[in-house]
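The values are calculated or read from the model by the stated rules, or taken from the named source; none is laboratory data. Predicted model, so just to flag it, every value in this text is computed and none were measured. Positions of Cβ are backbone-derived with ideal geometry, glycine not excepted, and every protein chain shown enters the neighbour counts.
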Amino acid sequence: MIARIVAWLLLAVLIGAIAFGYALCSRRIALPERYDPFAPLDARAPRGPLTRFKLWRTMHDPQLRDAALAGSGLV
């Protein structure tokens, strides 16, 4: 009985996580740029919890790198 309840709860959590991930990817949920992993890197913005990930993504994608440099005012 308890195992069945735990299984249903885990299934509900999994479905909720998938729905939340889809909502983030499709931009149905608006996040501030600081917390949005899909927002482009802004070199002038203060460091946030996802800055390393954004920097890594920018370094490995020439289009993102060019956009970050153009928007920074450094070049």
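Between Leu41, Leu69, Leu64, which is modelled with pLDDT of 85 or more, out of contact with any strand residue (DSSP E or B) (no Cβ under 7 Å at 6 or more places or on another chain) and part of a helix (DSSP H, G or I)?
Leu64
Residue check: is Ala30 more than 15 Å from the chain's Cα centre (by Cα), of a type in the set (Gly, Ala, Ser) and assigned to a loop (DSSP other than H, G, I, E, B)?
no
So, in the stretch 44-61, of the ones that are assigned to a loop (DSSP other than H, G, I, E, B) and within 13 Å of the chain's Cα centre (by Cα), which residue ends up surrounded by the most Cβ atoms within 10 Å (Cβ to Cβ)?
Leu50
Could you grab me the full set of residues in the stretch 1-27 that are in a loop (DSSP other than H, G, I, E, B) and within 26 Å of Ala70 (Cα to Cα)?
Ser26, Arg27
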